[in-house]
1. Kirkwood hydrodynamic radius, computed over distinct alpha-carbon pairs, for the stretch 149-266: how many Å, to one decimal?
2. What's the center-to-center distance, using Cα atoms, between the stretch 63-77 and the stretch 229-247 in Å?
3. Rounded to whole Å and ordered largest first, report the semi-axes of the equivalent ellipsoid of the stretch 112-207 derived from its Cα gyration tensor (root of 5λ).
4. Can you give the net charge of the other residues whose Cβ lies under 15 Å from the Cβ of residue 238, counting K and R as +1 and D and E as -1?
5. Each residue of the stretch 84-91 in order: what ³J(HN,Hα) in whole Hz does its phi give by Karplus 6.51 cos²θ - 1.76 cosθ + 1.60, θ = phi - 60°, with x for Gly and Pro?
6. Which of the residue pairs 155/196; 87/300; 110/225; 108/155; 74/246 have a Cα-Cα distance greater than 25 Å in the structure shown?
7. Given a 10 angstrom Cα cut-off, can you work out which residue in 222, 288, 192 is the most mobile in a GNM of the chain?
8. Over the stretch 104-146, what lengths in whole Å, largest first, do the semi-axes of the equivalent ellipsoid take, defined as the square roots of 5 times the eigenvalues of the alpha-carbon gyration tensor?
Amino acid sequence: MTRNKLLKLWHHSIWRLRNLRPNHEWKRFWFSRGAQIGVCGSSVAGTTAEGNHILRLNRNYALGPKGTLVHIPKDLGMYESVRTSGKYGLAESQFIASGLVSASKSPKDKVALVDIGSNVGLISLQAMNIAKTQNDIFLFEPIPRHVAAMRHNLKNFRNIRVNQFALSNRDGISEIFTEFENRGNSSMLDKVVPFKGRIRTEIRLVNTDNYFRDILNSFEAVILKCDTQGMDALILSQIPDGIWSKIQRAVIEVWALEDIAEGHVAKFVSKCQGFNYVSWSPDFRETVEFSEVSEFWLSKTSSWKNLYMCRQR
């Protein structure tokens, strides 16, 4: 940006500041203008061959140090959050990071971070940068464009396994739908993604029970994140009891869609009775019973919350 353009933007910003109301309007203005002039958030640095956008961090954030290039699809949530504030879902990442630190008491401890529905891996990236632990990372994302971005974003971690498929209750082939104007919104559920202009992608399905038994059985502790746009209850109900006993912390998107099966929710709840702390907030200011979780999940209201669970605090 040239000196004249910067001065013009600065003078316009001063004028805007004089006419803003306090608090939320000022913050929204600051994040927007701050990203434009390179003092906060991130700057647009181009696009990739896959069509993802490249954002360059303007300051040090949990996503990485100043100058880090983050690959991300342009959408209404994730992209805008990183562009204006340099972060995305930070509370989730901090919750996961705390669990990784607690579980990694010795360098010899075998700890796995399991991220189901990774998208481009930002939640895990922030968590690993905060925790600074040497655990293994397992990421599950079926969309090729997202996987390409994820491989770039987490390229500095060694013990990482990127799985380009969706977990399910069977092996096979299926379709996933992506909203054209909001690439962060993808789901295997037809009703979740608006019909107009959506993109269909053929994806591979892998049986959850078999994968977890074969690959994750050797780990002593697991930290779990699950966000699959409506498929969470089905997937989580398929995780073997032996693996659930190793999960120390979990953050799960609970979306009260019409398609959610009562049997999947009931089976999930039956596997989670060993968690001593369950809440809709990461700081556990108010805990909830699993009966409330089930009631919300099956309410068919199309509303959603993040569910936080841990065995010890």
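1. 15.8
2. 29
3. 26, 15, 10
4. -1
5. The phi angles translate into 8, 10, x, 8, 7, x, 4, 4 Hz.
6. From 155/196; 87/300; 110/225; 108/155; 74/246, over 25 Å: 155/196; 87/300; 74/246.
7. Most flexible of the set in this elastic network: 288.
8. In descending order the semi-axes read 23, 11, 6 Å.
Values quoted throughout were computed directly from the atomic coordinates according to the rules given, and no laboratory measurement underlies them. Everything numeric in this text was worked out from a predicted model, so none of it was measured. Note that each Cβ is placed from the backbone with ideal geometry, even for glycine, and that neighbours are counted across all protein chains shown.
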